Structure formats: C-alpha cells, structure tokens
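Report on the following structure.
The values are calculated or read from the model by the stated rules, or taken from the named source; none is laboratory data. Quick caveat: nothing in here was measured; it's all calculated off a predicted structure. All Cβ positions, even for glycine, are placed from backbone atoms using ideal geometry, and neighbour counts span all protein chains on display. Side chains included, ligands, DNA and RNA excluded: accessible areas come from the protein's heavy atoms. Shrake-Rupley method; radii C 1.70, N 1.55, O 1.52, S 1.80 Å.
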Amino acid sequence: MKKSIVILFVLIGFSLSAQNTKLEVLKEFVAGSISFNDEFADLGQPIVTINKLAEKQADKTIDLTKENIKETLELAKTYKTCIITVGVHTIVKITDFENCSPSGAWGANMPMAKGYVQKAGVLNEKNDYIKNIIGRPGSQERKVFLFK
C-alpha cells in the first residue's frame, strides 16, 4: 500500500513538472511580446493562457481567415512580432517574411515561422512555412496577435 502511494505521488509530480515545463518553454517563446504575471495559468493547455494574455497585450488582434490572410500578412510586416494561435493547440511566430512558399489552400504566400503544436499533451517544435504549421483553412479559430 505504501509503495502504491509513493508511486502515485511520483507520477503526479512528474505530470505537474512536465506541464510546468510546457509553460516555461512557451513563456520563453513569447518573451519580449507577451508578459506573464500572477494570472491563472492553465498548465494542461498553456496556449489558452497565452491567448488570454495576448488578447490584452497585443497592439492589434485579428481573426485569421482565408479571406483576410493576404492583407493580414502585409500588415504583420509592419510590426515587430506576429504570433498566430490555432485553437488551444498551436502557436506560431513568423520568423521570415521574405522566405515564403505559395499555398493553394490559403491562396497566399506563406512566410517561414517557428512554433509549437501540442499533441497528446506534448509540445512538438516546428520550423516550417506557416501553411504547414497552422493547417488548412477551416472552422478552427485562428488568431493573429501583432506587437510593435
């Protein structure tokens, strides 16, 4: 019985540690754009926390659609940082507006970016064109946060 309790505490501790690590990775990823304070952080879904903070702190927020992507990307070039989130599972920061790849699905040239996709509770780092990170246009909520 005592061994079972010890194992349970170890597993819970490991789980919390992994969740804290996700939040720390994402805090570093958005550093310089989004400030974290003592607000509640959803450790299981840290992108939820980032979305809430970015809504308050971004200089401009845009709901990204196939219809407005060209104009949004043009506008984003005039800002220091452009962060895009998809639902509660994906976050992307555009790294190079000059290195682009055409997307038939989006009908736009898609810039290079770095980001993270959370699958099965694990953050997977991605370095690719945004079309390959944010997926095809559809019903998922996509937010663009622009920072000066």
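Computed values, structure above
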{"item": "Carbon plus sulfur fraction of accessible area for segment 13-147, probe 1.4 Å, in percent", "result": "48"}
{"item": "Dipole magnitude of segment 65-122, debye to nearest 20 (Cβ charges: Lys/Arg +1, Asp/Glu -1, about Cα centre)", "result": "220"}
{"item": "Counted charge near ILE94, where neighbours are those whose Cβ lies closer than 10 Å (Asp, Glu -1; Lys, Arg +1)", "result": "+2"}
{"item": "Reachable lysines, given that their alpha-carbon falls under 21 Å from the alpha-carbon of LYS52 and they are not under 8 places away in the same chain", "result": "LYS22, LYS27, LYS60, LYS80, LYS93, LYS114, LYS119, LYS143, LYS148"}
{"item": "Added length on full extension, which subtracts the Cα-Cα distance from 0.36 nm per residue, ASN132 to THR21", "result": "37.5 nm"}
{"item": "Relative packing of peptides 46-56, 65-75 - highest average C-beta neighbours within 10 Å first", "result": "46-56, 65-75"}
{"item": "Length gained when the stretch ASN109-LYS60 is fully extended (0.36 nm per residue, less Cα-Cα span)", "result": "15.5 nm"}
{"item": "Sorted peptide list for 113-122, 95-104, criterion being average Cβ within 10 angstrom, highest first", "result": "113-122, 95-104"}
{"item": "Extension gain from GLU28 to LYS119, taking 0.36 nm per residue of separation minus the Cα-Cα distance", "result": "30.8 nm"}
